[in-house]
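Everything on this sheet refers to the single structure shown next.
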Amino acid sequence: MEAKVIRWGEDLAVRLSSAEAEELGIREGETVEIVSKTPPPAEPRQWHGRRYVDGLPVYTMGEMIAEARRLGPEAEPETVDWGPDRGSEIIDDANDPY
């Protein structure tokens with residue numbers, strides 16, 4: 001069975017005749033599932049099980065460092081000297097009980 005997609009304000013809607021709806025057992029207000037004819041694109045193997053935020057993959061620090069090393073020295077960020085440590089930045093390893 002085919003149904004026509006029509007514009008409904010800013011949205012799109014699928015329009016069924018009353019005979020088609022009755023044949024399918026669909027009533028007003030019911031939720032239906034629409035299945036695509038084309039399968040979704042395969043997820044690259046390295047992205048399997050990865051966490052996403054706003055549709056973008058989230059990489060670990062280890063993965064980012066490995067990629068920078070793979071790309072070579074020119075991909076490594078330059079070191080910035082922020083001056084001496086101050087306040088809570090100071091770590092006194094000699095008196096650390098751990």
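Throughout, read-outs are computed from the coordinates displayed, never taken from laboratory work. Since the structure is predicted, the reported quantities are computational estimates derived from the model, not experimental observations. Don't worry about glycine lacking a Cβ; one is built from the backbone with ideal geometry, like all the others, and counts go over all protein chains shown.
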Calculated from DSSP H runs of 4 or more alone, at -39500 (n - 2.57) each and per residue, what is the 222 nm mean residue ellipticity of the chain, nearest 500?
-5000 deg cm²/dmol
Just to confirm the number: angle between the C-alpha axis of helix 61-71 and the first principal axis of the chain, 0 to 90 degrees, nearest 10?
80 degrees
Hey, fewest Cβ within 10 Å first, where do R50, R27 land in order?
R27, R50
Fewest to most Cβ atoms within 10 Å: K4, K37 sort as K37, K4
Relative contact order for the chain using alpha-carbon pairs under 8 Å, separation at least 6, rounded to a whole percent?
9 percent
Running Debye on the range 51-96 with equal point scatterers at the Cα sites and no solvent, what base-10 log of I(q)/I(0) appears at q = 0.19, 0.29, 0.30 Å⁻¹?
-0.85, -1.00, -1.03
√(5λ) per eigenvalue of the Cα gyration tensor, the range 1-68, largest first, Å:
43, 14, 11
